[in-house]
Amino acid sequence: MSKLGLDLFITAEQDFEVRQYRILNALASVRDDFTHNRIYPTLGELIELYMTLTRISRSAGDIRHELPRRIKGLDLKAQRIIYEPLDMSQRDLEAVEELINWSLPHIQHAIEEGQTIFNFVDENLGVEEVGILPSYAEEGYLLIPEPRRRLLHVLRYEVSIFSGSDEQYRNLKTISIQSIPLGLIDESPLAIKRSLIERHHDLPNPATYLFRTELDFPYSETILPVAKRKFMRRLFS
């Protein structure tokens, strides 16, 4: 996804058709990831780019103010960075708008492909509590399988809440504790939880969640990020 960025659009007046080709080539790389069921970070980056380009497109005559700005210098007294708008002619701006409007349907179609994979994994990924769930569930353990390598990944998680300008946001932080043979998951998830309690005394009764799936999909690029999203929905539903 690194090839598909705003830099392909903000100089659209130069080599317009070449940039169309580069965008289609970058999207072909995206689809290659999706063909191999790898959706992250590609899908998230693609959605973010689509939202940015949509905002720029909707600005109409005010498009100049929606484009990225160039660093002009530093105000050491105020301890801030000074920015200036990109120096673009009206012809440049029209070319940027034309390229963005042309690319949005292509990007949207790619997003839909990635979202289809996400939904399929989400539907085939079960989650259940292990043992008694404590009243405080913002910290604990996640047990996430990786059928492709026959492993069960044990992660410690912590949910933090921080405030933005208008609303509060939740962030899920995870740390890998260990990976064990997946066969143990069928024997006793409670035994895994007890072992964690014995080794990590700061969580005497941790919230512990077990995920189940038979999908032979990439772990880091697909199963793990989908599991995190599913967990956050469950925790705050």
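Details
- By the beta-carbon count within 10 Å of each Cβ, the least crowded to most crowded order of THR208, THR116, THR222, fewest first, is THR116, THR222, THR208.
- Look at the Cα gyration tensor of segment 126-235: its axes a ≥ b ≥ c give a/c of at least 1.5 with a/b at or below b/c, and that counts as oblate.
- For segment 126-235, the relative contact order is 38 percent, taking Cα pairs closer than 8 Å that sit 6 or more residues apart in sequence and dividing their mean separation by the residue count.
- Put a dot 7 Å past the Cα of TYR136, heading toward its Cβ, do the same for GLU123, and the two dots end up 3.9 nm apart.
- A Förster distance of 25 Å, applied to the separation of the beta-carbon atoms of THR116 and SER29, puts the FRET efficiency at 0.85.
- Cα→Cβ-extended label distance, 7 Å offset, between SER195 and PHE16, nm: 6.3
- With a Förster radius of 22 Å applied to the C-beta separation of HIS36 and ARG229, the computed FRET efficiency comes to 0.65.
- Given R0 = 30 Å, the distance between the Cβ atoms of PHE236 and LYS3 translates into a calculated FRET efficiency of 0.25.
- Residue order, fewest to most surrounding Cβ atoms within 10 angstrom, among VAL96, VAL121: VAL121, VAL96
- Residue order, fewest to most surrounding Cβ atoms within 10 angstrom, among MET232, MET51: MET51, MET232
- About its Cα centre, the dipole of segment 126-235 is roughly 160 debye, where the only charges are +1 on Lys and Arg Cβ and -1 on Asp and Glu Cβ.
- Net charge, LEU27 excluded, C-beta distance under 13 Å - Lys, Arg +1, Asp, Glu -1: -1
Taken together, the values in this text are just the output of simple stated rules run on the coordinates, not laboratory data. Remember, predicted model here, so these are calculated numbers, not experimental data. Cβ atoms come from the backbone with ideal geometry, glycine included; neighbour counts cover every protein chain shown.
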